[in-house]
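Report on one structure; see the data block that follows.
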Amino acid sequence: MKKQKICIIGGSLTGLVTAISLSKLNCDVDIIAEDNKQNIKSSRTIAVSENNLEFLKKLNIFKSFAKYAWPCSVMEIYIENRNKEFSKVYELNKNNKKEKILYMFKNSIITQLLKDRIKKIKNISLIKNKKISSINNSGLLKSVRLNNKNIKYNLVIICTGSNSNLVKNIFDNQTIENSYKETSTTTILQHAPTKNNSARQFFLENEIFAMLPISNTKTSIVWSKKNGTNENIFKIKEKIKFYTKSYLKKIKFISSIEKKDLNFLIRKNYYKDRILLFGDALHVIHPFVGQGFNMVLRDLISLENILLKKIGLGLDIGASDILSEFAKETKSGNFAFSISTDLLKNSFTIKNKYFKEARNRILKQIDKNDFTKNIFFNIANKGFKF
């Protein structure tokens, strides 16, 4: 049987990992992407659950994953009390520190590892600096037009993000979306050596401040806050020093300070005429739980398993019934996870003192119940399954 062809549009982290995963299906894979050079001083980091790390290991992108992934065995949640001090109300996995809550990676490093791996895979072609002029039907296949040349594919996967003109032109705006009216500020700190295995989340009145360890001497900062305060870089750095002073010593900023507007999005339509949306084009959630890339990987595990079975049966992987099967398998879990994350985030922004007191009591009770904590751990690790 002739090899089937897959086109992946977008050379982001999502596009690269999707290409490597699907190349194992004995398909020819083209990645169409702009040749964006990675900023080695970028402050972006990603969190990967233990279950998803096992999936990444199978892609053979690490010679030694321990060299690139930093394990966190504890997640601590703090709230600001009436005295403007932090009180810890929840600690996940404190009774079983052999299991890891998550693993932290620098975005630029894992992206480069994926690119290096792609160079060694014969059935992947990376097409750089090419703009797509159209995507049309061509008999039973989909035709992607590049520089006046049509290339036919069984399946086209768009990994260009939620704001892509390509997505907007092909798919209607059937989405559930909302602006948080918040900005995320990220940076990386170098500091004195410490036992750095706890991820910490601090919930203030209009801010969420996260300290995510990436080594014993480096910590990633993800700080989201309501729009309206135009602080300069000096003030931002002073606040970060203030929030971290009880945990980190001899702080030095070793990356740029990057900002990003935060939005929430769930898309109703996953596919259309051999075109499948993937990654941020399908779902965008608040970064405070560090689950955005984990949702992508869980989708990818499902897609790989479905396409592997269909190829084994000699079926066309771009057929609507196959893409419908993927949507049915993942959509309900993604919806539940996205909505739950949004509700949890919003529960920390409600200012009513009676609600806050009730919420804190619930968190403290959960903190004492290992059975409930294990449920939360399994959801964070594997998502919802229906």
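Any read-out appearing in this document is the output of simple, stated calculations on the displayed coordinates, not a laboratory observation. Computed from a predicted structure; not experimentally measured. Counting neighbours? That spans all protein chains shown, and the Cβs are built from the backbone with ideal geometry, glycine included.
Any idea what the relative contact order of the chain is, in percent, if you count C-alpha pairs under 8 Å spaced at least 6 apart? The partial results should precede the final answer.
Numbers: 714 pairs, mean separation 78.6, N = 386.
Worked out over the chain, it gives 20 percent.
Using only Cα atoms, tell me the angle between helix 320-347 and the longest principal axis of the chain; keep it within 0 to 90° and round to the nearest 10.
That works out to roughly 10 degrees.
Does a label point 7 Å from the Cα of LYS181, set along Cα-to-beta-carbon, have any residues of the stretch 229-259 with amide nitrogen under 16 Å, and which are they?
Within reach of a label on LYS181: 229-230.
Could you tell me the center-to-center distance, by alpha carbons, between the stretch 363-386 and the stretch 177-241 in angstrom?
Comparing the Cα centres of the stretch 363-386 and the stretch 177-241, I get a distance of 25 Å.
Pop out the ³J(HN,Hα) list for the stretch 170-178 in order, Karplus 6.51 cos²θ - 1.76 cosθ + 1.60 with θ = phi - 60°, rounded to Hz; leave Gly and Pro as x.
These are the phi-based 3J(HN,Hα) values: 8, 10, 6, 8, 7, 9, 9, 9, 7 Hz.
Please work out how much length the chain gains when fully extended from LYS259 to LYS168, using 0.36 nm per residue of separation minus the C-alpha to C-alpha distance, in nm with one decimal. Display every interim value, and only then the final one.
Values: separation 91, 0.36 × 91 = 32.76 nm, distance 2.43 nm.
Contour length minus the Cα-Cα distance gives 30.3 nm.
Taking neighbour counts of Cβ atoms within 10 Å as a proxy for exposure, in what order, fewest first, do ARG200, ARG145 appear?
Sorted ascending by nearby Cβ count, the order is ARG145, ARG200.
Which angle between 0 and 90 degrees, to the nearest 10, do you get for helix 353-367 versus the longest principal axis of the chain when only C-alpha atoms count?
Computed tilt is about 80 degrees.
Based on the Cβ-Cβ distance from ASN150 to LYS67, what FRET efficiency comes out when R0 is 30 Å, to the nearest 0.05?
For R0 = 30 Å, the calculated efficiency reads 0.10.
Could you please state, rounded to a whole Å, how far the C-alpha centre of the stretch 334-351 is from the C-alpha centre of the stretch 120-140?
If we compute the Cα centre of each part, the gap is 38 Å.
Can you run phi through the Karplus equation (6.51, -1.76, 1.60; θ = phi - 60°) for the stretch 313-318 and list ³J(HN,Hα) in whole Hz, with x for Gly and Pro?
Per residue, the Karplus-derived 3J(HN,Hα) values read 8, x, 8, 6, 6, x Hz.
List SER246, SER324, SER338 from most exposed to least, where exposure is judged by having the fewest other Cβ atoms within 10 Å.
Working: SER246 8, SER324 12, SER338 22.
Ordered by Cβ neighbours within 10 Å, fewest first: SER246, SER324, SER338.
Quick one: Karplus J couplings for the stretch 290-295, per residue in order, coefficients 6.51, -1.76, 1.60, θ = phi - 60°, nearest Hz, x for Gly and Pro?
x, 10, x, 6, 5, 5
Do the alpha carbons of any pairs in LYS119/LYS149; LYS149/LYS268; LYS122/LYS218; LYS3/LYS142; LYS310/LYS331 sit beyond 27 Å of each other, and which pairs?
As for pairs spanning more than 27 Å Cα to Cα, those are LYS149/LYS268; LYS122/LYS218.
Given labels modelled 7 Å from the Cα in the Cβ direction, how far is it in nm from ASN305 to LYS268?
2.8
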